[in-house]
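A short write-up of the structure that comes next.
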Amino acid sequence: MNEIFVYIGLLLLGIVIGLIFTIAIIRFRHKKQSVKILKDARKSAEQLKTDKILQAKEKFIELKAAHEEVIIKRNQELDKRNNKIRQKEQNLHSKFEDLNRNQKKFDQEKLVFEKRNLALDRQYKEIDATHQKQVVLLENISSMTKSEAKKELIASLKAEAETDAMSYVQKSIEEAKLTANEEAKKIIIQSIQRLAAEEAIENSVSIFNIESDDIKGRIIGREGRNIRSLEAATGVEIIVDDTPEAIILSCFDPVRREIAKLSLQKLVLDGRIHPARIEEVVAKTKKDISQEILNTGKRTVIDLGIHGLHPELIKIVGRMKYRSSYGQNLLQHSREVANLCSIIASELGVNTKLAKRAGLLHDIGKVPDENPELPHAILGMKWAEKFGEKNEVCNAIGAHHDEIEMNNLISPIVQICDSISGARPGARREVVEAYLNRLKDLESLALSHKGVIKAYALQAGRELRVIVESEKVTDEESKNISYNLSKKIQEEMTYPGLIKVVVIRETRSINIAK
């Protein structure tokens, strides 16, 4: 039993001793490994340090090389600049030397020039002295002073020159007289032949053609209300008679006739013919006529090749289409005068553009509806000045009836061409002009009464139709206006036959349903 315990104890002792040896061996190995790892770490650190130092040296060498290269480039640039500066200094030095040499030459030449001047002065003095001696000698010989001899010489030369000039002028005048009339007739005849304008006379009646006579009844309307509305709105006498497929529009004012004709065309095409529609169409047609006037002016100046005309003058030119002068259409007359002026100006070597411009505008003073106090030539000249026309054009407009003095060649050309255009056969009718003026005076007399808003002379002046404001004029007052107008016409106007004065007072009540 005791032996067992001994064996167990020895076994335990052996196990303990083995464990101690094992632990010691493990510690030794660990220590040996630690030393090895520490050595390896030191070696790696040394190696890393060496690599970093080498990299740093390489980088330093690279930076140093780059820096040295930059320094070399800068030194090269400095050398180049220094070379240029040296070269410039050398050039300046050489120029300075040239300048010094030139200065020396100039000084030498100056001295020579001064010596020559002194010699010339001496010679001039000698010549003057000799001249004075000769003058004194001549005065002694001729018994005349120098001033007296000069005056006598000038007088003799002047008399001789005047004699030659007079003979030359007389000869020129005689030659001009022989050829002037021939040339003037030739130029005027050639101008008229080249123009070859048609002879046309503006009348006071327009014909409105219709497709069938059934339309006449619609135009007249029930109890004639449509035709009365048309006449009241347009101021044109509308004659519906037995003439097949035609209605006659009679009025001395071409604008009113044109408005009435266009309004009838629109109403017939539309088919709706009643008083309200008639007033609407007439109002719109009046606006269209204003645009047509502007378009006519533009077409005219384009056809004649006139540029830069003021817009207001273009409108005035367009309105000439609806004006007449002694029965002659004013626009046609002005175009004819413009073309004649251009032809004659070209033959005479005068500015053709200005001549044509003045010819077109010479009668613009006849365009106003009212009768101004100024003559039409002066009024046209003032308009041309207002709208920036040149002095030559303004003078030609104002002087074509001798109201002002002519100051350029274009003015007589315009006057001559105006006479040529108006004097040819069939161009003008004095009776028509007097008739139109009488109708205008008749309407103006009616419009001068208080409360009158419209006045139209109809039936060739045998009827005066007056429309008054119903709000301001009563029925009794309208009768008084009719009586007073008839008395005033008898006292102030001269006319053949009888004139019927019709005063219309119409009351309207208008409301709008919303």
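A few comments on the model shown:
- Given a 1.4 Å probe and the protein chains as shown, Met493 ends up with an accessible area of around 30 Å².
- Accessible area per residue was computed with a 1.4 Å probe on protein heavy atoms; His131 scores about 90 Å².
- Kirkwood radius, region 208-256, all distinct C-alpha pairs, inverse of mean reciprocal distance: 11.2 Å.
- Extension gain, Leu48 to Arg81: 0.36 nm times the residue separation minus the Cα-Cα distance gives 7.0 nm.
- With only Cα atoms counted, region 101-144 has Rg and Dmax values of 18.8, 62 Å.
- Largest-first ordering by accessible area, 1.4 Å probe, given options Leu439, Leu11: Leu11, Leu439
- Once you divide the Cα radius of gyration of region 205-316 by 2.2 N^0.38 Å, the number left is 1.24.
- Of the GluC sites (Glu not before Pro) in region 234-332, those whose Cβ has at most 16 other Cβ within 10 Å and which sit in DSSP loop: Glu245
- Order of exposure, largest accessible area first, which applies to Ile247, Ile227, Ile416 with probe 1.4 Å: Ile416, Ile227, Ile247
- Summarised in one figure, the compactness ratio Rg/Rh of region 318-420, Cα atoms and Kirkwood Rh, is 0.94.
- Share of pairwise Cα separations in region 21-76, more than 17 Å, in percent: 64 percent
- Compactness index (Cα Rg / 2.2 N^0.38 Å), region 242-298: 1.23
- For region 335-389, GluC sites (Glu not before Pro) are listed when DSSP marks them as loop and at most 15 other Cβ atoms sit within 10 Å of their Cβ; the list is Glu370, Glu373.
- Per residue accessible area in Å² of region 1-115, where ligands, DNA and RNA are left out and the probe is 1.4 Å: 100 Å²
- Square roots of 5 times each gyration tensor eigenvalue, C-alpha, region 226-380, largest first, Å: 36, 15, 15
- More than 14 Å apart - percent of Cα-Cα pairs taken over region 262-343: 69 percent
- Options Phe28, Ala65, Leu54, ranked by Cα towards positive dipole end of region 19-90, top entry (Cβ charges): Phe28
- Put a dot 7 Å past the Cα of Asp270, heading toward its Cβ, do the same for Glu58, and the two dots end up 10.2 nm apart.
- Length gained when the stretch Ile15-His93 is fully extended (0.36 nm per residue, less Cα-Cα span): 16.6 nm
- Per-residue SASA remark: Tyr483, around 130 Å² accessible (1.4 Å probe; ligands, DNA and RNA not included).
- Net length available on complete extension from Asn117 to Glu385 is 90.1 nm, with 0.36 nm assigned per residue and the Cα-Cα distance removed.
- When both region 1-68 and region 253-300 are represented by their alpha-carbon centers, they are found 123 Å apart.
- Rounded FRET efficiency, nearest 0.05, which uses the C-beta distance separating Ala161 from Glu292 and R0 of 45 Å: 0.10
- Distance (nanometres) between label positions extended 7 Å along Cα→Cβ at Lys104 and Ile504: 11.5 nm
The values are calculated or read from the model by the stated rules, or taken from the named source; none is laboratory data. A quick note: this is a predicted structure, and the numbers were derived from the prediction, not measured. Cβ coordinates were reconstructed from backbone atoms using ideal geometry, including for glycine residues, and neighbour counts include every protein chain displayed. Note: accessible area is taken over every heavy atom of the protein model, side chains too, but ligands, DNA and RNA are not part of it. Shrake-Rupley method; radii C 1.70, N 1.55, O 1.52, S 1.80 Å.
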